[in-house]
Amino acid sequence: MKRVFLTLVLLAGLPSGAWAKDGQAVFNAACAACHFKQRTPERRDEMVAPPMEMMAVHVRQATGGDRAAFVARVVDFIKAPSEAKAADAMAVKRFGLMPPIGDSFPELTDKDLRLVANWLFDAFAQSQLPPMEQRRGMQP
Ligand code: HEC
């Protein structure tokens, strides 16, 4: 009986923790190939892409804190990145444009992309850009 109940709870749709789990798995399997999760200044020389957290903050600012707009924008960008769409022009200048996610990970479905975008929205909800001095140090 207890198990049936649990299964029902699981099927009935889940509090944001569910996003967190699957979305994080997509991040670990795909995005983390290029993006560090957070700023890691001591490994700056190894960075091939900006920290995921900072990108989430830029996109959140560009979309006014609205989840649907954030998710739509992230999914659209990573499928077909362009300089015109980028929320952080400095990142494009420093690292070059992100390759379309389908080039790197063709197995990811649209659902996976929405999961990871929702995870980004939740995981970095409280994040902020670092003070200007530190940001200046990050530039090329
Ligand atoms: C092959 C390397 C690579 C992979 C894999 C990758 N990215 Fe990126 N990504 C980049 C680079 C480089 C940039 C910075 C330049 C730019 O904005 O295009 C970037 C920028 C971004 C941005 C900023 C967009 C904006 O509006 O400025 C987001 C959001 C993003 N990536 C999300 C993801 C997610 C989510 C994944 C995994 C599903 C992922 N990336 C996988 C290289 C990568």
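Overview of results
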item	result
Integer Hz, Karplus 6.51/-1.76/1.60 couplings in order for region 68-84, x for Gly and Pro	4, 5, 4, 5, 4, 5, 5, 4, 4, 5, 6, 6, 8, x, 8, 4, 5
Order by protection proxy (mean Cβ within 10 Å, highest first), peptides 40-49, 79-88	79-88, 40-49
Relative contact order [Cα under 8 Å, 6+ residues apart], region 16-138, whole percent	36
All aspartates and glutamates inside 16 Å of Lys79 as judged from Cα atoms, apart from same-chain residues fewer than 8 positions distant	Asp103, Glu107, Asp110, Asp112
Under 15 Å from the Cα of Lys37 - aspartates and glutamates, other chains or at least 8 residues apart	Glu46, Glu53, Asp122
Qualifying aspartates and glutamates (Cα of each under 13 Å from Cα of Lys85; at least 8 residues distant if same chain)	Asp76
Net charge over other residues, Cβ less than 15 angstrom from the Cβ of Leu108 (K, R count +1; D, E count -1)	-3
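Any read-out appearing in this document is the output of simple, stated calculations on the displayed coordinates, not a laboratory observation. Keep in mind the model is a prediction, meaning the values are calculated, not measured. Ideal geometry is used to build each Cβ from the backbone, glycine not excepted, and the neighbour counts take in all protein chains shown.
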